[in-house]
Amino acid sequence: MLALAGGAHAASPAYGFGKPAAAAEIAGWDIDVRPDGRGLPAGRGSVEQGQVIYDEKCASCHGTFGESTDYMAIAGGVGSLASDSPMRTTGSKLNYATTLFDYIRRAMPFNAPKSLTADEVYALTAYVLNLNDILPADAVLDRRSIVVVRMPNRDGFIVFSRSR
C-alpha cells in the first residue's frame, strides 16, 4: 500500500507554473537558529556596536530605548507576564536569546529583511538584551556566548497537550 501511495505522489499533476527550488535557493532560507545554538553563523558583536546599528536602523520603529508603542516594544516588562498588567516584550516573553537572534536575522529591519550581517545581528541582539537588563553594557555575543544567556522567561513556557 505504501508503494502505491508513493507512486501516486510522484505522478501528481503539474499545475503549469513555478519550478522546483534549487539547492542554492533553499540554502538562502535555511537559516533557522535553534535554542542550543545549531544554525548560528560565525561572527560577534558588542552592546556598544549594537547601539550604533540600532540607532541607525531600528530606533525609528522601536523607539530610542525600545519603548515604542506604535510597534512592538522590545524593552521593559521583565517579570510582568504573570501580573495583572503583563508587558509582552522581547525581554519578558522570549525564553532563549537565540530566538531573538533568529528573528532579527530573518525579519529585520522591516524594510530590508535579511540584510544584516551576522556581526550586526550579534551586536543588535546584545544591545536589545542590554536594554532589558539581561546583559551588561560591556557584553559581547558570539555563537558560544549567546547560548549561555539565561533569559528571564526561560522556564515560563508550558507544554500544551490537546488531550487535556
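The values are calculated or read from the model by the stated rules, or taken from the named source; none is laboratory data. Worth saying up front: this structure is predicted, and the values here are computed from it rather than measured. With ideal geometry, Cβ positions are generated from the backbone for all residues, glycine too; neighbour counts draw on all protein chains shown. Ligands, DNA and RNA are excluded from the accessible area calculation, which covers all protein heavy atoms including side chains. Shrake-Rupley method; radii C 1.70, N 1.55, O 1.52, S 1.80 Å.
If you filter region 25-60 for trypsin sites (Lys or Arg not before Pro), then keep DSSP loop positions with at most 15 other Cβ within 10 Å, what is left?
Values: sites: 38, 44, 57; in loops: 38.
Loop-located and lightly packed - 38.
Note on region 18-61: Rg/Rh from Cα positions, Kirkwood definition for Rh, rounded to two decimals, is 1.16.
Quick check: at a probe of 1.4 Å, how many percent of the accessible area of region 58-164 sits on carbon and sulfur atoms? Write out the running numbers ahead of the final one.
Working: 3340 of 6230 Å².
About 54 percent, which is the carbon plus sulfur part of the accessible surface.
With an 8 Å cut-off on Cα pairs and a minimum separation of 6 or more residues, tell me the relative contact order of the chain in percent. The partial results should precede the final answer.
Numbers: 239 pairs, mean separation 47.1, N = 164.
It comes to 29 percent, rounded to a whole number.
Result for the chain in a Gaussian network model with C-alpha springs under 10 Å: among 50, 91, 39, the largest mean-square fluctuation is at 39. Note on residue 161 and residue 107: their simple-model spin labels are 3.0 nm apart, each label 7 Å out from Cα toward Cβ.
Heavy atoms only, probe 1.4 angstrom, no DNA, RNA or ligands counted: give me 105, 34, 88 ranked by accessible area, highest first.
Working: 105 50, 34 105, 88 155 Å².
Heavy-atom accessible area, descending, gives 88, 34, 105.
Using a Cα-Cα cut-off of under 30 Å, which lysines could be cross-linked to residue 19, ignoring same-chain neighbours fewer than 8 residues away? Answer for residue 19, where 30 Å is the Cα cut-off: 114, listed by chain and number. Cross-link reach is defined here as a Cα-Cα straight distance under 18 Å, omitting same-chain residues fewer than 8 places apart; for residue 57 the aspartates and glutamates meeting it are 48, 67, 70, 102, 119, 120.
Accessible area per residue, 1.4 Å probe, Å², for the chain: what's the number? Could you put the intermediate results ahead of the total?
Working: 10720 Å² over 164 residues.
Using a 1.4 Å probe on heavy atoms only, each residue of the chain averages 65 Å².
Site-free segments of the chain were taken between chymotrypsin sites (Phe, Trp or Tyr not before Pro) in DSSP loops having at most 13 other Cβ atoms within 10 Å, sites themselves excluded; the longest one is 18-64.
Once the mean of 1/r is taken over each pair of separate Cα atoms and inverted, region 116-160 shows a Kirkwood hydrodynamic radius of 11.5 Å. Evaluated at 37 °C with a viscosity of 0.692 mPa s, what Stokes-Einstein diffusion coefficient in µm²/s does the chain have when Rh comes from the Kirkwood expression over alpha-carbon pairs? After rounding, the answer is 183 µm²/s.
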